[in-house]
Structure formats: C-alpha cells, structure tokens
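Only one structure is covered here, and it is reproduced in the block below.
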Amino acid sequence: MRDITQQLGQVPGYRTFAVSRGGLGQGQGRPVQLVIGGGTYEKLKEWRDIILEKARENPGLTGLDADYRETKPQLEVVVNRERAADLGISMLQIGRTLETMLGFRRVTTYVEEGEEYNVILEVQDSQKDTPSELGGLYVRSERTGMLSALSGLVEVKEFADSATRNRFNRLRAITIEANLAEDYPLGEALEYLENLVREEIGAESVISFKGQSREYRDSSGELLVTFGLSLVIVFLTLAAQFESFVHPLVILTTVPLAVAGALLGLVLTGSRLNVYSQIGISMLIGLAAKNGILIVEFANQLRDEGVAFRDALLEAASRRLRPVLMTSVSTAISAIQLKLNKCAGKESRFTIGGVIFAGVLLATFFTLFLVPAFYNWLGRYTRSPEAVSRDLSQLEQRHP
C-alpha cells in the first residue's frame, strides 16, 4: 500500500490513496477513523483543520484526510429584504419565482381521456445555466403590480461546500481518516488523536470511532472480560474433574507465566497487542493448564493406590517429565509453522504463532518446578480423589 501510494502520488492533478480490505469482516477502509461530533458544520470545519494540521506533524500517520471536503461549487442567493419590502414584494413571491425559473413547480393537473396529468412550470435548461440568467427574471409587486428585475433584489454568492453532510449517532460529524506507517500501532495512533482533540478543542466536541478503530477499541475493552471468563470456565471444569478446588488452583499457577511469555514474545518479535495476540493469549490458558494436569492427575492416581504423598509427587514429576516435554515441544513446533508461513494473512498468523510459541515454552519451563512446589504446599491438605470410595470399601469389608 505504501509503495502504490508513493507511485500514484507522482501523477499530477490527482490525490490517490491505497485502501486495504479490513479483516474479521470489517469491510474496506483505513485503519484510523476518528469521528468528531458537534453542533454546526461550520464549527466542525474549524476543528477539522486544526486536527489535520497538528496530526500531520506525527510521522506515524499517513494519508490524512476527512470526509467533509469543500469541493462542490454552490450558489447562495441572499435577498435584500429592505428593498423588497419597499417595492411591496414578499419573500414568498421571490421564493416561488426562483423555484419556478431555476427548478420546476407543479401548479395544477388536468384530465384527458380518463388520465390525470401534472402541469409543471419550468424554463429551458439554456436559460438557467449561469448566475447571470437572474438578470432576465422579474417578479411582480403585490402593491403596485409593477415588474421588478430579480437581479436588483438578490445577491448571488459563490462558495464551495461538501457534497454530503454526514451524521454519526444522530450528531453532525466529520470523520478524520488516516493510514498507519510501518510499525506504528493502531492503539497509539488512536490515543494520540484522542489526546490531540482534547488538548486543541476541549470537551466541547464528541469523540467516537468507526471501522477498524471502533473494532479495536471494543475488543481491547473486552480482553480482560474474555480472559477472566476463560479462567473461570477452566477452573470450574477442572474442579469438577478433580472434585477439589485446590488442585485446579495448583494447575492454573502456570497461566500467569504463560501470559508473561506471550508478552515477551510480542516484544522480541516486534508485534503489538491486537485482536490476534488476544486470541493467542486466551488459547494459552488451556495450553498451559495441560502440563499441570499431567502431573497432578498422575500424582492423585498414585495416592489412590496408597503411595505416600511426597513419594507420589516425586514419582509423578519424574515420570511425567517426558510427556510434558513432548506435548509442549510439539505445540511450539506447530506454532513455528504459523510464523514461517508467507502466504496471504501472514501478519495475523505471525502474531498468534509468536504468542503461542513463547508462552508455551516459558510456561513449560516453570511448570516443571512450580506445579510440584505448589502441589507440595497446598496438596498435602487435600485427600486423594478416591479417598472417600476407599473408606467406604473398607467400611463394607468391616461391616458386611
């Protein structure tokens, strides 16, 4: 996009922008879309000019533009009310004359052979091409009945205005759009523009976002909620499986380490926290928990067989070392394929692959030490899952 924009920018007489198709069903458009709402379009135009002038100082924003452009030539007819009143000509007469001569007006209908037809008054197109044609129009005075030239009653002003006047959330609004320079994150761009509006305009304006910017803000705000719900669901599932609230807590101690590894992977690869990295972090909850499940589950099985607590823990940690390493290494290798893939959409897969690769490796390394340590600390106060069944069997044997 950057190369195409530079090449097309060398063509004189044109303003060109390369626009990419958005991901996740967002359609087409630029990634940065800041909406400024206010009371009048005149005020919005002033704010637009201020923001565009200041934003061009930021090298991370390219192709700055707004959807309100004064490119459509228009004419404004200003009536001299005092002169019209002196001549006994009302505003209604002037408006009707302009409507009829410069546009058209339906005055009546007639019926012929059972069909009703409209009678429309209008002049030929050649008689209303230029503002000078107003000199040939006349309006009659209600008081004297005399005709007066319309050119002596009105003044024509030429100006340019936008072809469309948009609204957003029922407010008059102007959207400022921009592309991002390489390695400039969308979150920093939105924060920069929002602070710029607050500093230069104040609280008088209403700030909103559209397109990819809106999706980014919504998804960023929901990250903590999504992550928290994932933790709760995994915790409750493990609690039902192990019939204990302590064992799931031991298993989930590796999740913060997996998240730390994911953030480290983002830093090392130069990626940013976006929708795709958030998806990868949510996946790490299950990927990191599986290693703890292998150790805790096997230790509980040994305890059910009557092995002492500490002996069961040591044997589970040593015998489950190979399965933990095999599953973790295979997961990390599969994530490398996401990072090395060069086909379309590689940016999103590169981010997810980096998060999974770094998160799984760091979580696996610490799992081998943390899970046995926490199990030794908290698990000794719990009973094995089959302890109740074993006690019932012993009671049945004693009292058949």
Worksheet item: Given GLY37, VAL107, PRO131, which one lies farthest toward the positive end of the charge dipole of the chain, if we put +1 on the Cβ of every Lys and Arg and -1 on the Cβ of every Asp and Glu?
Response: GLY37
Worksheet entry | 5 angstrom amide H check on ASP161, placed H, neighbours 5+ away | THR71, LYS72, GLN74
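Taking 8 Å as the Cα distance limit and 6 or more residues as the minimum spacing, I'd like the relative contact order of the range 129-193 as a percentage.
Working: 34 pairs, mean separation 10.6, N = 65.
Worked out over the range 129-193, it gives 16 percent.
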Worksheet item: Once both axes come from the Cα atoms, what is the angle between helix 346-378 and the longest principal axis of the chain, in degrees from 0 to 90, rounded to 10?
Response: 30 degrees
Fill in: Helix 255-269 vs. the chain, principal-axis angle (Cα, 0 to 90°, nearest 10)
50 degrees
Worksheet, complete the sentence: Counting only residues 5 or more apart in sequence or on a different chain, those whose built amide H sits under 5 Å from that of PHE168 are ALA173
Discussion item. Can you tell me which of GLU243, GLU53, GLU76 moves the most in a GNM of the chain? Springs connect C-alpha atoms under 10 Å apart.
Written reply: GLU76
Worksheet item: On a 0 to 90 degree scale, rounded to 10, what angle separates helix 186-200 from the longest Cα axis of the chain?
Response: 50 degrees
Worksheet, complete the sentence: the chain, Gaussian network, Cα under 10 Å: of SER277, SER213, SER318, the residue fluctuating most is SER318
Worksheet item: What nm value, rounded to one decimal, do you get for the distance between GLU122 and TYR138 when each label is placed 7 Å out toward the C-beta?
Response: 2.5 nm
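Indicate the gyration tensor shape class of the range 73-161 (rounded, prolate or oblate), computed on the Cα atoms with a ≥ b ≥ c the square roots of the eigenvalues: a/c under 1.5 is rounded; otherwise a/b larger than b/c is prolate and the rest oblate.
Values: a/c = 2.52, a/b = 1.41, b/c = 1.78.
Oblate is the answer for the range 73-161, as a/c is 1.5 or above yet b/c matches or exceeds a/b.
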Practice prompt. Determine which aspartates and glutamates satisfy two conditions relative to LYS128: a Cα distance under 19 Å, and not lying fewer than 8 residues away in the same chain.
Written response: GLU76, GLU99, GLU155, GLU158
Discussion item. Can you compute the FRET efficiency between GLU155 and LEU223 using 1/(1 + (r/R0)^6), with r the Cβ-Cβ distance and R0 = 51 Å? Round to the nearest 0.05.
Written reply: 0.30
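With a cut-off of 8 Å between alpha carbons and a minimum separation of six or more residues, what is the relative contact order of the chain in percent?
Numbers: 530 pairs, mean separation 72.3, N = 400.
Answer for the chain is 18 percent.
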Worksheet entry | Placed amide H near GLN33: partners under 5 Å, 5+ positions off or other chain | LYS210, SER213
Practice prompt. At a Cα cut-off below 15 Å, give the aspartates and glutamates reachable from LYS45, other chains included and same-chain residues fewer than 8 away excluded.
Written response: GLU53, ASP65, ASP67, GLU70, ASP161, GLU177, GLU200, GLU204
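To the nearest 500 deg cm²/dmol, what mean residue ellipticity at 222 nm is calculated for the chain from DSSP H runs of n ≥ 4 alone, each contributing -39,500 (n - 2.57), summed and divided by the residues?
Theoretical 222 nm ellipticity from helices: -17500 deg cm²/dmol.
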Discussion item. Modelling each spin label as a point 7 Å along the Cα-to-Cβ direction, I'd like the ILE333/ASN166 distance in nm, to one decimal.
Written reply: 5.0 nm
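Just so you know, all these numbers are worked out from the coordinates, no wet-lab data involved. Just so we're clear, the structure is a prediction, and the values are computed from it rather than from any experiment. Here Cβ is always computed from backbone atoms with ideal geometry, including for glycine, and neighbour counts include all displayed protein chains.
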